[in-house]
Every structure is written in structure tokens, then in C-alpha cells.
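Student: I'd like to ask some things about the structure below.
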Amino acid sequence: MGSVTINRHDDVPGVTELVLDRPEAHNAISTEFARQLTAATAELAADPSVRAVVLTSSAPKAFCVGADLKERNSIDDDGLRAQRLVFREMFTDLLSLPVPVVAALHGYALGGGLELALCCDLIVADESAVLGLPEVSVGVIPGGGGTQLLTRRLGWNRAADLIFTARRLDAAEGYRLGLVDRLVDAGSARASAVSLASSIAAHSPVGVRSAKRAMRQGFDAPLAAALDIEDAAWRATAFSGDRKEGVAAFNEKRRPDWPGE
């Protein structure tokens with residue numbers, strides 16, 4: 001039985017659900033789990049019909065509790081080094097997906113689980129969500145991008161507070177801090193995230209992909225270089241079939257039928 005499932009919904013065009021599907025372990029990330037998630041993201045990245053992805057969980061009480069510490073306890077230093085390569089590829093490939101990714105959080109989203117969410121572009125959390133990066137409390141540091149992505153989301157002081165203290169916070173505090181983008185009623189995170197992804201997928205695939213690329217690549221660049229990145233993304237979009245269809249649809253007062261090229 002796989003630990004990761006891809007669900008394509010015909011009733012929500014362009015939206016694909018990537019399900020963390022190891023409920024018996026609250027989606028603890030084992031080496032095999034990481035390999036399966038990497039393979040799934042590669043499949044989605046290569047599929048031009050995918051316009052937005054929703055990262056969800058099949059576990060009733062958790063989005064993901066982080067690394068599988070039972071497995072970690074059974075491997076030696078060489079095994080940990082080898083696992084590190086697998087884990088880093090998993091986080092990097094999720095972060096690098098060319099389309100917007102929306103995380104839907106409920107229950108525990110801790111350690112590597114929260115880092116999976118941080119690799120997404122938007123985070124929807126319901127009121128049951130418990131968030132945290134507890135790594136320093138077990139003798140490591142966040143290694144799935146947490147030290148960098150959380151700091152970029154919240155700023156140095158707020159990220160330092162959460163990482164250095166290893167404390168947990170509820171979804172409401174996460175929303176107030178800006179860690180969570182949308183706070184929803186308990187039990188509705190998945191539906192809300194799918195709805196958000198559907199609104200994204202309704203727009204130009206070329207435009208959305210180009211906008212994400214410009215934002216990701218330009219975020220930490222000096223302003224002049226970032227504007228060059230934006231200009232290249234604009235040119236890749238402005239002379240596309242999507243731009244021609246968008247202008248035609250606007251003038252003809254109809255919904256666009258995006259060619260996606």
C-alpha cells in the first residue's frame with residue numbers, strides 16, 4: 001500500500017490532490033514515504049493538465065507529524081546521511097513544483113510536516129491544527145527548509161521565537177502571525193483548499209506558472225535583477241496562446257478556453 005496518493009477530480013478541472021496517505025503512522029515521514037512523495041511530485045510537474053495542487057492528509061488526527069523517529073532510531077550514522085539525501089530531494093521537489101500548491105492542514109503539523117506545508121505556496125488550516133518546529137528539542141534543527149522558509153514568511157524575530165523554543169501553536173495564533181494564510185472551521189480545510197485551488201486553476205496556466213516562477217526566483221534577488229526576472233516571465237506569457245485567448249475572451253464577453261501554451 002502506497003504512502004502517497006494522487007487524486008484527480010474530474011469535477012474540479014485542473015486541480016489535483018496529493019494525499020499524504022500513511023494514516024496508521026499519522027503520516028510520519030519514512031524513507032520510503034519520502035521516495036513516494038518525490039515520485040508523485042515528479043509526475044505532477046510533468047503533467048501539463050495540472051494547474052494547481054492541493055496537499056492533503058488521509059490521517060484523521062494529523063496532517064503530518066514529521067520524521068518517522070521509530071525508523072530513525074533503527075539506522076546508524078551512515079544510514080542517516082543516506083536518508084538525508086532522500087529527504088532533501090523530497091522537500092526540494094515539492095518546493096519546485098511549477099504550479100501553485102495549497103496545503104490543507106488539520107490536526108498535528110509538526111517538524112517535517114509543517115515544513116511540507118511551508119514548501120507550498122499557500123496554507124489553509126482548520127481550527128484543529130497544531131503547528132510547530134520542535135526539532136531542537138530532540139537534538140536536531142529543521143532540515144526541510146524550515147529555518148529559511150519560516151524566516152521568509154514571518155521575519156527573523158517570529159521565526160526565531162518558534163524555532164528556538166520548539167513551542168507549538170494553535171491555528172488561530174498561526175493565522176495571526178501570518179504562518180497560516182486562511183483559517184477555516186474544523187473539518188473544512190480540505191474543501192476550502194480545493195476551492196482556493198479551483199479559483200487559481202480557472203486562470204491562464206501560462207500566466208499562473210510564469211507568475212509563480214517570477215515570484216520564487218525574484219524574492220531574494222536584488223531589485224534590478226528581480227525586475228529582469230519579472231520581465232522574462234512577462235515575455236514568456238505575453239506572446240503565448242493564453243494571452244491571445246484571454247484578450248479575445250474579454251472582448252467577446254465569454255469565459256476563456258485556455259490553450260495552456
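Student: Which fully enclosed strands (runs of 3 or more DSSP E) of segment 1-105 have 1 or more residues being more than 29 Å from Val208 (Cα to Cα) and at pLDDT 95 or above?
Tutor: Fully inside segment 1-105 and qualifying: 62-64.
Student: Failed condition for Arg182, given (1) under 22 Å from Ala129 (Cα atoms); (2) out of contact with any strand residue (DSSP E or B) (no Cβ under 8 Å at 6 or more places or on another chain); (3) not aliphatic (A, V, I, L, M), with all others met?
Tutor: Every condition holds for Arg182 apart from (2).
Student: While we're on this one: Can you report the number of residues in segment 204-258 which are within 19 Å of Pro48 (Cα to Cα), in contact (Cβ under 8 Å) with a residue 40 or more places away in the chain and either β-branched (Val, Ile, Thr) or not in a helix (DSSP H, G or I) (or both)?
Tutor: 5
Student: If I ask for residues that are at pLDDT 95 or above and open to solvent by less than 100 Å² (accessible area, probe 1.4 Å), which ones from segment 217-236 would you list?
Tutor: Listed by number, the residues that qualify are Gly218, Ala221, Pro222, Ala224, Ala225, Ala226, Leu227, Ile229, Asp231, Ala232, Ala233.
Student: Further question on the same structure: Can you name the residue in segment 50-67 that is of a type outside the set (A, V, I, L, M), over 17 Å from Val101 (Cα atoms) and touching a strand residue (DSSP E or B) at 6+ places or on another chain (Cβ under 6 Å) and is also least open to solvent (accessible area, probe 1.4 Å) among such residues?
Tutor: Gly66
Student: Do any residues in segment 168-195 that are within 12 Å of Leu105 (Cβ to Cβ) have Cβ atoms under 9 Å from those of residues that are open to solvent by less than 60 Å² (accessible area, probe 1.4 Å) and among the aromatic types (Phe, Trp, Tyr), where the two are at least six apart or on different chains, and which pairs are they?
Tutor: Final answer for the pair search is Ala189/Phe63.
Student: Across segment 245-261, what is the total count of residues that are exposed (fewer than 13 other Cβ atoms within 10 Å of the Cβ) and either within 27 Å of the chain's Cα centre (by Cα) or on the phi < 0 side of the Ramachandran plot (or both)?
Tutor: Within segment 245-261, residues that are exposed (fewer than 13 other Cβ atoms within 10 Å of the Cβ) and either within 27 Å of the chain's Cα centre (by Cα) or on the phi < 0 side of the Ramachandran plot (or both) number 9.
The values are calculated or read from the model by the stated rules, or taken from the named source; none is laboratory data. Only a predicted model underlies this, so the values are computations on that prediction, with no experimental measurement involved. Heads up, the Cβs are rebuilt from the backbone with ideal geometry, glycines too, and the neighbour counts pull from every protein chain shown. The accessibility values were calculated without ligands, DNA or RNA, using every heavy atom of the protein model including side chains. Shrake-Rupley method; radii C 1.70, N 1.55, O 1.52, S 1.80 Å.
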